[in-house]
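The values are calculated or read from the model by the stated rules, or taken from the named source; none is laboratory data. Given the structure is predicted, the values throughout are model-derived calculations rather than measurements. In this analysis, Cβ positions are derived from the backbone assuming ideal geometry, glycine residues included, and neighbour counts consider all displayed protein chains. Quick note on the areas: whole protein, heavy atoms, side chains included, nothing else; ligands and nucleic acids left out. Shrake-Rupley method; radii C 1.70, N 1.55, O 1.52, S 1.80 Å.
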Amino acid sequence: MTSRSTRGTPRAVLLPVAVWAATRAVLLLCVLKVLVVPGPDVTGDVSVIYQGWSDVLRTGTFPVDDVTWQYPPGAALAVLSPALLPFLGYAHAFFVLLLAVDAAVLALFLRAARRPGNRPAGAWAWIAGVALLGPTAYARYDLMVTAVAVAALFAAARRPRVAGALIACGTLLKVWPALLLCGAAVRGGRARALWCAAALGTAALTVCCVAAAPGALSFVGAQRGRGTEVESLGALVLHVARQFGWSGRVLLNYGSMEFVGPLVPQVSAVALALSCAAFGWLLRWRMRARELTAGLCADAAFTAVLLFTTTSRVLSPQYLLWLVGLAAVCLTARAGRQGLPAVLVLLATGVTFLEFPLGFAHVVASDGTGLTVLLLRNGLLAAACLLACRRLWRATAAPPAARRADGGPTGKATADRAPVSSARP
């Protein structure tokens, strides 16, 4: 039996690695413009915006005068990272670094798949999800942030201090990794180690960034003036309104295409209210949860990030990378409960590629094609939210008797004992 497992391991590793290499070669050819993808140039953020930020950061200050700089101070490390490959141009170095990070994440999934109770489904989800998003996956630094989040979730059970430090790093890169703590337990030595490492790490890194350069905390109020991006869930209302003569327009604002005009502030307020409602639901779930095991940490993190991403005023294509990484972690564990929502996220990622860059002109024009693609993508995300919340709630808030009746680990034993106990006088 051992020899069979040993012979099967190389094949189980080589096949996903081969598929990963083939799909990533296509992505590299796209961002290097050997293969031309219809639609807007997705690499402009790297070659123009990121490189411009890099020039400013080298002077010892954050680009606070640029309205497109809306990120926490740790993002400076991602923007400056191409300097690690000085023999390449900025954009080419950035793409090569993302390829290396992508490979490291695949290695994490393949290693996790060999542990008892896990499976290779997570590795395949990662391979497929990044490929389905298209060249946008390699044209934003979100893949780096997702890599840190994936590593933190895998380390949470065995190395809580490492996981807490990684969550701190991720939070300083793009804030949302702080949601990984949503399902973390608060009792026990491991739980305290995780929370302390995350809190102290975030505080220490923030102090270092503030001391290193002025403007480190400018991102806090940078998004107050943002409107509703054309790809967001709330934008569907405005897209439909344009069919009936609404006078609003689509303009480049804060580095993205946003609606400007009447009703936009109200739609943005509703989106913010939905995000607040999502936070309220998560808080209520957390207070009523009867069990918070290590296995539920990934499910809770996936649900939390999914809720806040879907209700955001700015549902940019690269946000799907966050969900792909967390969905892949959920699919890695055989006992995971978020299988169907994870599949819906992968489908939404594929539709996102049709929306941006392929059909972005249709989205901006609010024509039938653009509206159909947006309805499908955002509808898949909304359905994934509802299913993820329902499954997370049932996994933790149900009373023990109900969990046994649903087929829990003690369900069979209870059923076997019932006739015997009822026959006793």
>> Taking the full set of protein chains and a 1.4 angstrom probe, give the accessible area of L98 in square angstrom, rounded to the nearest 10.
In response: 0
> Once you wrap a convex hull around the alpha carbon atoms of segment 233-295, what is its projected area averaged over all directions, in nm²?
Replying inline: 6.7
> Which part of segment 234-275 falls in the paramagnetic zone of A382, meaning amide N under 11 Å from the point 7 Å along Cα-to-beta-carbon?
Replying inline: 234-237
>> What translational diffusion coefficient, to the nearest whole µm²/s, does segment 268-385 have by Stokes-Einstein, given a Kirkwood radius computed over alpha-carbon pairs, a temperature of 25 °C and 0.890 mPa s viscosity?
In response: 162
> Once you sort the root eigenvalues of the Cα gyration tensor of segment 288-351 as a ≥ b ≥ c, which label holds: rounded (a/c under 1.5), prolate (a/b larger than b/c) or oblate (the other case)?
Replying inline: oblate
>> Once neighbouring chains are kept in place and the probe is 1.4 Å, which whole percent of the accessible area of segment 1-91 is contributed by carbon and sulfur?
In response: 68
> To the nearest Å, what is the center-to-center distance of segment 113-176 and segment 238-310, using C-alpha atoms only?
Replying inline: 22
>> Keeping all protein chains in the complex and leaving out DNA, RNA and ligands, what accessible area do you get for C330 with a 1.4 Å probe, in Å² to the nearest 10?
In response: 10
> So which DSSP H runs in the chain come out at 27 Å plus along the axis (Cα) with average Kyte-Doolittle of at least 1.0?
Replying inline: 90-113, 189-212
>> Given axes a ≥ b ≥ c from the Cα gyration tensor, I'd like to know whether segment 177-236 is rounded (a/c under 1.5), prolate (a/b larger than b/c) or oblate.
In response: oblate
> Which is the longest run of the chain containing none of the trypsin sites (Lys or Arg not before Pro) found in DSSP loop states (not H, G, I, E, B) with at most 15 other C-beta atoms within 10 Å?
Replying inline: 335-425
>> Of the candidates F109, F219, F259, which one comes out as most mobile in a Gaussian network treatment of the chain with C-alpha springs shorter than 10 Å?
In response: F219
>> Could you tell me which residue out of T332, L376, W281 lies farthest along the dipole of segment 233-386 toward its positive end? Charges go on the beta carbon: Lys and Arg +1, Asp and Glu -1, centred on the Cα centre.
In response: W281
> How big is the shadow of the Cα convex hull of segment 128-250, averaged over all directions, in nm²?
Replying inline: 11.0
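Relative to the present Cα-Cα distance, how much length would full extension add between R161 and L200 at 0.36 nm per residue of separation?
13.0 nm
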> Hey, got the Cα dimensions of segment 55-127 along the principal axes, in Å, largest first?
Replying inline: 50, 29, 16
> Over all directions, what mean area does the Cα convex hull of segment 136-194 project, stated in square nanometres?
Replying inline: 3.8
